[in-house]
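The structure under discussion appears below in the form of C-alpha cells.
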C-alpha cells in the first residue's frame with residue numbers, strides 16, 4: 001500500500017507540472033490527478049489481485065490514473 005501512495009503522489013505532481021503548470025495555480029488538477037491515480041490503482045488491484053504490489057505496475061497505474069483524472073477534470077471544466 002505505501003507503493004500505491006508514493007506512486008500516486010509522485011505521478012500526480014509530475015503530470016500536473018508537465019501538463020498544466022504550477023501546482024499552486026491549479027490545485028484542483030492536482031487533487032483530480034491524485035484521486036484518479038488512487039482509483040485506477042485500486043481498480044487494477046481489484047481486477048488482478050497483487051498487480052499493484054509491483055513498483056513498476058503501480059507506477060504505470062498511477063501515471064495512467066493521474067492522466068485520466070486531469071483529462072476528465074479538464075473536460076468537465078470546459
statement: When every residue in region 14-44 that is touching a helix residue (DSSP H, G or I) at 6+ places or on another chain (Cβ under 7 Å), part of a helix (DSSP H, G or I) and without any contact (Cβ under 8 Å) to a residue 24 or more places away in the chain is compared, the one farthest from residue 75 (Cα to Cα) is 44
query: residue 60 is checked against (1) under 27 Å from residue 77 (Cβ atoms); (2) touching a helix residue (DSSP H, G or I) at 6+ places or on another chain (Cβ under 7 Å); (3) without any contact (Cβ under 8 Å) to a residue 24 or more places away in the chain; (4) surrounded by fewer than 22 Cβ atoms within 10 Å (Cβ to Cβ) and fails just one. What number does that condition carry?
result: (2)
task: Would you point out the residue of region 45-57, among those that are touching a helix residue (DSSP H, G or I) at 6+ places or on another chain (Cβ under 9 Å) and part of a helix (DSSP H, G or I), that is surrounded by the most Cβ atoms within 10 Å (Cβ to Cβ)?
output: 52
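Each value in this text was obtained by applying a stated rule to the coordinates, not by laboratory testing. What you see is a predicted model; the values in this text were computed from it and never measured. Neighbour counts are summed over all protein chains in view; Cβ atoms, including those assigned to glycine, are modelled from backbone coordinates with ideal geometry.
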